[in-house]
1. Name the residue from Ile127, Thr66, Gln93 whose Cα lies farthest towards the positive end of the charge dipole of the range 50-148, charges +1 on Cβ of Lys and Arg and -1 on Cβ of Asp and Glu.
2. Using the reciprocal of the averaged 1/r over all distinct C-alpha pairs, how large is the Kirkwood radius of the range 112-194 in Å?
3. At a probe radius of 1.4 Å, what is the per-residue accessible area of Lys34, in Å² to the nearest 10?
4. Using only alpha carbon positions, build the gyration tensor of the range 40-179, then give the equivalent ellipsoid semi-axes as the square roots of 5 times its eigenvalues, largest first, whole angstrom.
5. Could you give the length gained on full extension between Lys182 and Ser158, defined as 0.36 nm per residue of separation minus the Cα-Cα distance, in nm?
Amino acid sequence: THTHKYTHTHTNTPTVTKTNTNTPTVTKTPTSTKFPEINNCDVLYVTTDSQVFVYKVQTNTYLNLTPFFQGESIDGYNFDIAHTENFIWLMGQGIIQEWNIQISPFFAEFSRYITITDTNGDGLGVINDTTLLISRYSDVENIPNQIIQLDISTTTPSSTILFFLPQNRFVIGDISYNSQNKILILTQDIVTGK
């Protein structure tokens, strides 16, 4: 007889299984898919804790716009805010942040820092996309605060003194430029507090 010797050896071969790993991705774009709509009558403002809000006049509601700013932190840029249809500016101590914006739906992308060579006070206004209004702060007796026009059309801004505030008065809020080419300023007397 003819005998076949047959040996069967069993080998464990690992099976490759595809496993999905959920790795979070960090994104600087807002997580909301719906960007807020802003109207011409809505009011933008910055809080003391550096949050940018819009007050929607028609609905008497507030909305935090800070999540829709992309590029840089706005912490510390809470002295004041000004904007045109193309830009938002946020003032800090000695520096202004410029943001390219889209009004509706709202979105802001960091553009640049603008260094102010003078000691700025509170208050920031805008005439157009290349001209801002700021206050030069003075706490020295007999040296009044000034309203400065700041040309930001070049890398290094140039300033022009427009006028001096009355003695002992300083800017405590907005600087506005209206359609009649007038500058409106909210001020307070250092001595009386009024």
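The values are calculated or read from the model by the stated rules, or taken from the named source; none is laboratory data. Remember, it's a predicted structure, so these values are computed and weren't measured experimentally. Note that we place each Cβ from the backbone using ideal geometry, even for glycine, and neighbour counts take in every protein chain shown. What goes into the accessible areas is simple: the full protein's heavy atoms, side chains included, and nothing from ligands, DNA or RNA. Shrake-Rupley method; radii C 1.70, N 1.55, O 1.52, S 1.80 Å.
1. So the residue we want is Thr66.
2. Here the Kirkwood hydrodynamic radius works out to 13.2 Å.
3. The accessible area of Lys34 comes to roughly 140 Å².
4. For the range 40-179, the semi-axes come out at 26, 17, 14 Å.
5. Residue separation times 0.36 nm, minus the Cα-Cα distance, leaves 6.5 nm.
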